[in-house]
1. Scan segment 562-583 for residues that are within 15 Å of residue 628 (Cα to Cα) and surrounded by fewer than 18 Cβ atoms within 10 Å (Cβ to Cβ) and jot them down.
2. From (1) over 19 Å from the mean Cα position of the chain (by Cα); (2) assigned to a loop (DSSP other than H, G, I, E, B); (3) crowded, with 24+ Cβ neighbours inside 10 Å, pick out the condition that doesn't hold for residue 308.
3. Taking residue 282 as the residue in question, decide whether it is over 30 Å from residue 321 (Cα atoms) and in a helix (DSSP H, G or I).
4. Under the condition of being touching a helix residue (DSSP H, G or I) at 6+ places or on another chain (Cβ under 7 Å) and free of Cβ contacts under 8 Å to residues at least 60 places away in the same chain, which residue from segment 353-375 is surrounded by the fewest Cβ atoms within 10 Å (Cβ to Cβ)?
5. For segment 584-604, check the following and say yes or no: at least one residue is at pLDDT 95 or above, touching a strand residue (DSSP E or B) at 6+ places or on another chain (Cβ under 6 Å) and either crowded, with 17+ Cβ neighbours inside 10 Å or part of a loop (DSSP other than H, G, I, E, B) (or both).
6. Quick check: is even one residue across segment 66-77 modelled with pLDDT of 95 or more and either in contact with a strand residue (DSSP E or B) (Cβ under 8 Å, 6 or more places away or on another chain) or in a loop (DSSP other than H, G, I, E, B) (or both)?
7. Out of 278, 271, 283, I need the residue that is surrounded by fewer than 15 Cβ atoms within 10 Å (Cβ to Cβ) and either farther than 12 Å from residue 129 by Cβ or within 20 Å of the chain's Cα centre (by Cα) (or both). Which one?
8. Just for segment 376-386: of the residues that are under 28 Å from residue 73 (Cβ atoms) and buried (at least 16 other Cβ atoms within 10 Å of the Cβ), which one is farthest from the chain's Cα centre (by Cα)?
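The values are calculated or read from the model by the stated rules, or taken from the named source; none is laboratory data. Given the structure is predicted, the values throughout are model-derived calculations rather than measurements. Cβ atoms come from the backbone with ideal geometry, glycine included; neighbour counts cover every protein chain shown.
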């Protein structure tokens with residue numbers, strides 16, 4: 001776990017999770033009955049969550065209760081980062097008790113899954129396509145690594161190493177092994193994380209195997225379905241594009257299917273590419289990256305427009321009011337972007353990581369840390385609100401663990417350098433090769449684009465400090481110890497400062513944040529004639545509470561020079577934008593749906609707030625894409 005002390009904007013949000021959300025997540029797991037299933041000391045409970053139903057009215061093979069292990073794992077991971085932030089004896093004791101439950105579940109051969117140990121014994125590894133066994137294992141591996149790093153306690157880590165050993169014995173190309181992989185990707189990236197933490201090469205190799213095996217013929221999901229006596233075609237999703245197993249990974253060029261699964265797969269591929277120096281995987285990932293970000297991503301960094309498959313449809317299909325854009329999907333896009341930086345700084349990835357973080361992901365958590373969004377539309381008539389929980393509660397702990405782990409996304413290190421990918425008030429204790437370096441950022445980012453970086457060293461040392469110059473920023477300026485630094489463009493969007501550094505060296509960045517209007521590609525029919533307002537990394541929206549109803553009557557001018565930024569006390573002092581606009585009016589429209597009289601216009605000032613903060617006040621309409629005009 002990177003040693004990063006985060007302050008300011010992200011520090012406040014980490015504290016909200018540590019002080020409130022982590023315990024809320026635990027309490028809601030208790031209320032849902034999750035520990036009745038997981039704890040082997042309790043009687044086996046009845047099934048509490050409804051099954052998916054087939055068209056003929058019979059139960060499908062899966063319900064959301066099957067993957068409760070993964071939700072609890074993310075709660076443990078959130079708690080780990082919260083405990084790293086500040087001690088909490090009660091929270092730690094509760095996590096230790098959960099870990100004891102999982103340890104008690106573990107079978108003599110290392111297998112460990114609450115559903116198939118207690119609820120449906122005898123069916124393990126019979127339906128990888130649907131039943132999330134490896135997915136649950138992956139999240140528990142991630143939780144184990146985080147909890148070990150945060151607390152020094154290795155009980156869960158030891159449990160998951162034994163489970164990983166069992167999985168390694170069960171899956172692979174050898175006689176008697178299963179040549180399979182999970183229908184819901186996640187274990188691939190988790191095995192890399194476990195391998196890095198333990199130094200066990202077999203875990204890295206197994207991650208690579210799962211990546212290589214996906215989509216190979218004969219198709220494993222067909223084979224296992226036949227072994228269960230089930231017609232592989234009788235599957236509610238109908239196509240293997242849903243879980244990205246339609247082709248071997250290097251042959252895939254279009255981002256398809258379930259959005260979270262896709263992003264977890266690409267994250268695992270990127271990790272494997274980094275660990276094994278595999279350029280062929282990187283080439284495939286670059287094709288997929290271009291496909292996603294140029295044709296299938298919302299301006300918020302949200303992805304996956306459709307509720308039907310929780311994922312992708314076709315190019316430029318980005319409806320606003322019905323946007324699914326699951327919080328977990330934006331988190332997973334961040335994870336993929338972060339892992340694409342594993343082979344070196346590149347603004348393409350860091351900019352999207354920031355875009356998804358501040359907008360599509362952070363929207364999933366309320367200011368006080370108690371309520372959550374699962375899906376994140378870009379327009380609402382006033383009926384879309386945050387949940388206290390969800391029947392499929394994957395998003396609440398996912399955004400919580402992401403917020404508390406934000407320090408791990410901010411910096412990258414290599415043998416000869418340090419890269420600053422995300423700006424935010426923080427103190428990071430890092431290493432450039434054998435050199436210990438302390439980097440201190442002082443900034444009000446994202447409210448302000450001034451960032452002051454101070455270098456801390458025991459003795460002078462030579463290394464490269466790479467600073468991202470955000471793509472949204474027009475003309476950045478940088479000084480080193482008060483002297484202007486030439487802005488040399490080398491194609492990756494970072495300013496690389498290679499020199500011998502001394503203790504106390506200072507770098508000052510000025511990243512201008514003008515209010516700007518973003519225009520969508522004309523093929524995005526939902527956004528024709530509309531603009532999205534942005535400032536710095538933040539996308540803004542209009543809410544009814546500030547602007548009255550009928551937000552589609554607002555018209556933004558082409559000239560935004562009169563826009564003003566103002567703090568909003570009831571949103572924690574966040575920076576809002578006050579913008580002169582016109583409002584369309586129809587004085588004669590009462591009782592008429594259509595009229596041959598043209599509308600009239602009134603001048604007013606609209607207030608826009610950061611998108612991630614909407615639905616934290618009085619309920620009402622919300623709109624991101626606003627009509628543009630002259």
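1. 580
2. Status for residue 308: all satisfied but (3).
3. So residue 282 fits the description; yes.
4. Ranking the qualifying residues of segment 353-375, first place goes to 374.
5. No, every residue in segment 584-604 fails to be at pLDDT 95 or above, touching a strand residue (DSSP E or B) at 6+ places or on another chain (Cβ under 6 Å) and either crowded, with 17+ Cβ neighbours inside 10 Å or part of a loop (DSSP other than H, G, I, E, B) (or both).
6. Scanning segment 66-77 turns up no residue that is modelled with pLDDT of 95 or more and either in contact with a strand residue (DSSP E or B) (Cβ under 8 Å, 6 or more places away or on another chain) or in a loop (DSSP other than H, G, I, E, B) (or both).
7. 283
8. Of everything passing the filter in segment 376-386, 386 is farthest from the chain's Cα centre (by Cα).
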